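Asker: There's a structure below that I have some questions on.
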Amino acid sequence: MILHYEFVKNAKRLGNKLAIKDLTLNREVSFSRALIGSLILAKKFRKYDEGDIGVMIPTSAGCVLTVIGILMAGKVPAMINYSTGAAKNCEYAQKKCGFKTIITSRALLEKINCPMVPGMVCLEDIMKSIKLTEKLGAALKSKLPASAIIAKMPKKETDDNLVILFTSGSEKDPKAVQLTHKNMGSNILALKNAFGLNEDDTVMSILPLFHVFGFNANFWMPLIVGCKSVTYANPLDYKKIPTMIKEEKATIIAATPIFFAGYLKESKPGDFANLRIVLPGADKTPEWVREGYLEKHNIELCDAYGTTETSPGISVNTPEDNRPGSIGKPLQGVQVKIVGLETGKILPDGEEGKILVKGDLVMKGYLNDIEETSLRIVDGWYDTGDMGVRDEDGYLWHSGRLRRFVKIGGEMVSLVATEKILDSLLPEGVDCCVVDIPDSIKGARIVAVITKKLSEKTLIQKMSKMLPKIAIPKIFRVVPELPKMGTGKIDFRTITDMVRKNKN
């Protein structure tokens with residue numbers, strides 16, 4: 001499956017059916033108009049330097065058509081994170097991937113106060129430069145059969161790159177992940193089958209498209225399935241989004257747990273009456289959020305698990321097959337094994353080890369980084385860097401990142417487990433994060449970072465009844481707010497740096 005070829009086929013088949021309803025710009029784009037718009041942009045993008053083209057545009061019809069246009073022009077889009085340090089991220093992507101041109105939005109640059117970086121081209125300027133003859137030419141071309149439209153595009157194979165995405169950088173410098181048409185296409189088909197997705201569905205698309213979760217679930221999945229995507233560029237607009245979900249009769253929403261927590265607090269009973277799939281991913285869902293959706297909306301959250309390197313879906317819960325607290329069962333065509341940290345041997349069900357994944361969903365590799373690629377992919381098996389357990393019924397349970405395990409006095413301690421217990425003891429509205437700092441004697445010390453001053457003595461006493469002594473933090477730091485990534489995930493790298501600079 002070549003994804004932009006499939007889009008052309010769907011656009012010809014579905015015609016005037018609504019493809020994208022852009023609530024940020026109040027625009028509606030049918031499949032036919034999306035085809036014409038992407039053909040116009042493809043002609044513009046062919047004129048830029050050879051190689052990849054960076055894309056830094058919020059979730060919108062404009063971003064979708066830009067990416068499709070880049071692919072139709074025979075180039076590869078590299079999606080750039082604008083949530084924090086946008087200019088720095090642009091320069092990093094240009095250097096890492098060796099491209100110059102970045103398609104962005106002047107409105108975005110003004111909103112985030114980002115300076116123009118050499119190579120930036122604003123989409124608003126491109127749109128103003130489009131001539132009537134170009135519009136007519138694209139409209140005429142769109143009337144051709146799908147096969148004829150595709151034949152005029154640069155020929156692509158399933159193993160060719162579809163996109164360059166960057167890892168979050170929450171723990172170390174971002175890596176440039178090469179995902180192919182086969183990678184993303186296989187994952188979309190597996191998700192379609194798992195959830196019974198169809199053309200009557202409406203996807204509430206609020207995730208940033210520079211994140212693999214959004215790039216799949218909010219962008220390509222609706223286009224390939226042939227359903228409507230309702231886009232809104234600000235997932236933090238907790239008050240508006242529940243109303244949008246209700247008014248647009250959305251049936252599917254995928255987001256991170258922190259976003260779902262915000263929508264839960266601001267929603268009213270009935271707002272989510274049409275939702276049939278509510279899919280949290282990219283982080284662990286707090287129990288109070290799960291219970292809140294069940295109590296307030298009679299909705300069971302279907303937790304999923306994935307990584308940027310796996311397109312992203314590895315395992316999912318579904319409404320028909322849901323084990324709350326787990327990360328579900330592996331998707332169709334996905335192989336998963338749990339192996340020992342030291343031995344690398346497959347462990348029996350119930351034993352905790354490292355999660356390895358194999359299948360068409362696994363990335364081609366990290367761009368210009370053969371060494372890191374060879375460390376993470378061995379004999380086709382991708383090392384997720386996550387710890388987990390498979391139960392006797394085949395459900396996977398996520399234990400946390402391997403980097404979030406720390407050796408103290410010769411024993412492995414899970415920072416995630418400590419964090420989970422601490423979180424259960426905190427009042428509602430108080431967030432926490434558990435990190436470690438070096439210790440010359442024990443190897444490491446555990447530090448708890450919380451967003452409100454509380455009795456440390458009381459917290460330690462309560463944790464001592466639930467955790468081994470070695471796993472209890474003795475140091476507490478109070479911050480007004482935990483630093484987060486654009487997806488809402490906690491920025492462990494920033495917090496750890498902050499704590500380690502202030503050890504005392």
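Asker: Pairing the Cα long axis of helix 492-501 with the longest principal axis of the chain, what angle in degrees results, from 0 to 90 and rounded to the nearest 10?
Answerer: 50
Asker: Right, here's the next one. What distance in nm separates the two pseudo spin-label positions at Asp49 and Lys143, each 7 Å out from Cα along the beta-carbon direction?
Answerer: 4.0
Asker: Same structure again: How large is the helix-only mean residue ellipticity at 222 nm for the chain, computed as the sum of -39500 (n - 2.57) over DSSP H runs with n ≥ 4, divided by its residue count, in deg cm²/dmol to the nearest 500?
Answerer: Values: 17 runs with 168 residues, N = 504.
Taken over the chain, the calculation gives -9500 deg cm²/dmol.
Asker: What distance in nm separates the two pseudo spin-label positions at Thr243 and Ser30, each 7 Å out from Cα along the beta-carbon direction?
Answerer: 3.0
Asker: Could you list Asp200, Asp237 so that the one with the fewest beta carbons within 10 Å of its beta carbon is first and the one with the most is last?
Answerer: Values: Asp200 10, Asp237 18.
In order of increasing Cβ crowding within 10 Å: Asp200, Asp237.
Asker: Sticking with this one: In this model, which of Lys43/Lys75; Lys192/Lys484; Lys21/Lys296 are farther than 22 Å apart at the alpha-carbon?
Answerer: Flagged as over cut-off: Lys192/Lys484; Lys21/Lys296.
Asker: Please figure out what share of the DSSP beta bridges in the chain is antiparallel and state it in percent, rounded to the nearest 5.
Answerer: Antiparallel: roughly 65 percent of the beta bridges in the chain.
Asker: Here is a further query. When Glu110, Glu428, Glu91, Glu411 are ordered from fewest to most other Cβ atoms inside 10 Å of their Cβ, what list results?
Answerer: By the 10 Å Cβ count, ascending: Glu428, Glu110, Glu411, Glu91.
Asker: Could you compute the FRET efficiency for Lys469 and Val378, with r as their C-beta to C-beta distance and R0 at 41 Å, rounded to 0.05? It would help to have the intermediate numbers written out before the result.
Answerer: Numbers: r = 37 Å, r/R0 = 0.91.
That pair, Lys469 with Val378, gives E of 0.65.
Asker: Give the calculated FRET efficiency between Glu351 and Thr133 to the nearest 0.05, with a Förster radius of 60 Å applied to their Cβ-Cβ distance.
Answerer: Calculated transfer efficiency: 0.35.
Asker: Going down the list Lys88/Lys155; Lys88/Lys452; Lys364/Lys489, which pairs span over 28 Å between their C-alpha atoms?
Answerer: Over 28 Å apart, Cα to Cα: Lys88/Lys155; Lys88/Lys452.
Asker: Now for a separate question. Taking the simple approach of a point 7 Å from Cα along Cα-to-Cβ for both Asp125 and Lys453, what is their distance in nm?
Answerer: 5.1
Asker: Next up: Under 16 Å from the 7 Å Cα→Cβ point of Asp200, by amide nitrogen: which residues of the range 247-273?
Answerer: Taking a point 7 Å out along Cα→Cβ of Asp200, the residues of the range 247-273 whose backbone N falls under 16 Å are 249-252.
Asker: Using Cα positions and a limit of under 23 Å, work out the lysines in reach of Lys345, with same-chain residues fewer than 8 apart set aside.
Answerer: The qualifying lysines are Lys329, Lys337, Lys354, Lys358, Lys407.
Asker: Exposure proxy check: Cys432, Cys114 ranked by fewest other beta carbons within 10 Å?
Answerer: Cys114, Cys432
Asker: Ok, one more. Mind jotting down the distance between the C-alpha centroids of the range 413-455 and the range 1-67, whole Å?
Answerer: Comparing the Cα centres of the range 1-67 and the range 413-455, I get a distance of 45 Å.
Asker: So what's the net charge close to Asp379: Lys and Arg +1, Asp and Glu -1, counting the other residues with Cβ under 13 Å from its Cβ?
Answerer: Local net charge: +2.
Asker: Separation of the range 474-488 and the range 242-273 by C-alpha centroid, Å?
Answerer: One Cα centre to the other: 25 Å.
None of the figures in this text is laboratory data; all of them are computed from the coordinates on show. Remember, it's a predicted structure, so these values are computed and weren't measured experimentally. Note that we place each Cβ from the backbone using ideal geometry, even for glycine, and neighbour counts take in every protein chain shown.
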